[in-house]
Ligand SMILES: N[C@@H](CCC(=O)N[C@@H](CS)C(=O)NCC(=O)O)C(=O)O
């Protein structure tokens, strides 16, 4: 049975879940919530996700929102594809930790900065909030640089849930607060992630929407 996957092509958390669907070779249909033509998809999303946040998925009678949760569901649904959450308990904890770090300490400040640059959300940008969020990013870049291996993936030797979170987080974070030269492993990880087919797919899918992102470097990547 095909999974209906609701999201927006430009959305970082939509990328996160779709990267997992592609990695797991899942049978899914991308149900875009972009524009007036997709009112049915918007209504379906709102019926699943209490605040209308995306992504969400529907698989028969099963419904999930929250990207990490729906990735866990997809991971178990397709056991023949490489696991996104390791079977080993300690390794799984490590992967889940990095997933939380990328969502809460990288994507959250990125979203906060972006919100301050969207006049329909924030008519009067708060410079102090922007600087606090940038400082958070600089701090977490330093921590991540200490954590990752020179040639591995985000949560260990294998591509995992942590990479599904890291790919969009590092993609957009670098547009907002560039990864510094002092974080060469993190910069290399971002490049490795962007070269992966699943990540390249979501990046390409978002290209026509880049003008909607108020910051960044749309001419590269
Ligand atoms: N914790 C959620 C975050 C989802 C989220 O913030 N999605 C953004 C798009 S990237 C969204 O729904 N924005 C619209 C809104 O907040 O109304 C998850 O992991 O799925």
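The values are calculated or read from the model by the stated rules, or taken from the named source; none is laboratory data. This is a predicted model, so every value here is computed, not measured. When we count neighbours, we look across all protein chains shown, and the Cβ atoms used for this are built from the backbone with ideal geometry, even at glycine.
Answer yes or no as to whether residue 124 is over 19 Å from the mean Cα position of the chain (by Cα) and surrounded by fewer than 19 Cβ atoms within 10 Å (Cβ to Cβ). Spelling it out, residue 124 is indeed over 19 Å from the mean Cα position of the chain (by Cα) and surrounded by fewer than 19 Cβ atoms within 10 Å (Cβ to Cβ).
Looking at the stretch 192-210 only, could you name the residues that are touching a strand residue (DSSP E or B) at 6+ places or on another chain (Cβ under 9 Å) and closer than 15 Å to residue 16 by Cα? Listed by number, the residues that qualify are 193, 205. Taken over the stretch 12-43, the residue count meeting the criterion of being part of a helix (DSSP H, G or I) and touching a strand residue (DSSP E or B) at 6+ places or on another chain (Cβ under 6 Å) is 4.
Filtering 99, 75 for residues that are touching a helix residue (DSSP H, G or I) at 6+ places or on another chain (Cβ under 9 Å) and more than 30 Å from residue 128 (Cα to Cα) leaves a single hit, 75. Among the residues of the stretch 63-96, those that are assigned to a helix (DSSP H, G or I), under 15 Å from the mean Cα position of the chain (by Cα) and in contact (Cβ under 8 Å) with a residue 60 or more places away in the chain comprise 67, 68, 71, 72, 95, 96.
Being assigned to a helix (DSSP H, G or I), outside the structural domain of residue 34 (by TED's automatic domain parsing) and in contact (Cβ under 8 Å) with a residue 40 or more places away in the chain holds for only one residue in 194, 186, and it is 186. Can you confirm whether residue 134 is away from the ligand (no atom under 13 Å from the Cβ), within 16 Å of residue 214 (Cα to Cα) and modelled with pLDDT of 95 or more? Yes; evaluated as a whole, the condition is true for this residue. Of all the residues in the stretch 50-65, those that are within 9 Å of the ligand (Cβ to nearest atom) and either in contact with a helix residue (DSSP H, G or I) (Cβ under 9 Å, 6 or more places away or on another chain) or modelled with pLDDT under 95 (or both) number 6. For residue 118, the criteria (1) surrounded by fewer than 15 Cβ atoms within 10 Å (Cβ to Cβ); (2) part of a helix (DSSP H, G or I) hold in every case but one, which is (2). With respect to residue 150, is the statement that it is at pLDDT below 95 and in contact with a helix residue (DSSP H, G or I) (Cβ under 7 Å, 6 or more places away or on another chain) true? For residue 150, the condition - at pLDDT below 95 and in contact with a helix residue (DSSP H, G or I) (Cβ under 7 Å, 6 or more places away or on another chain) - is met. Here is a check on your reading of the model: is residue 23 within 13 Å of the ligand (Cβ to nearest atom), outside the structural domain of residue 111 (by TED's automatic domain parsing) and within 18 Å of residue 171 (Cβ to Cβ)? So residue 23 fails the test.
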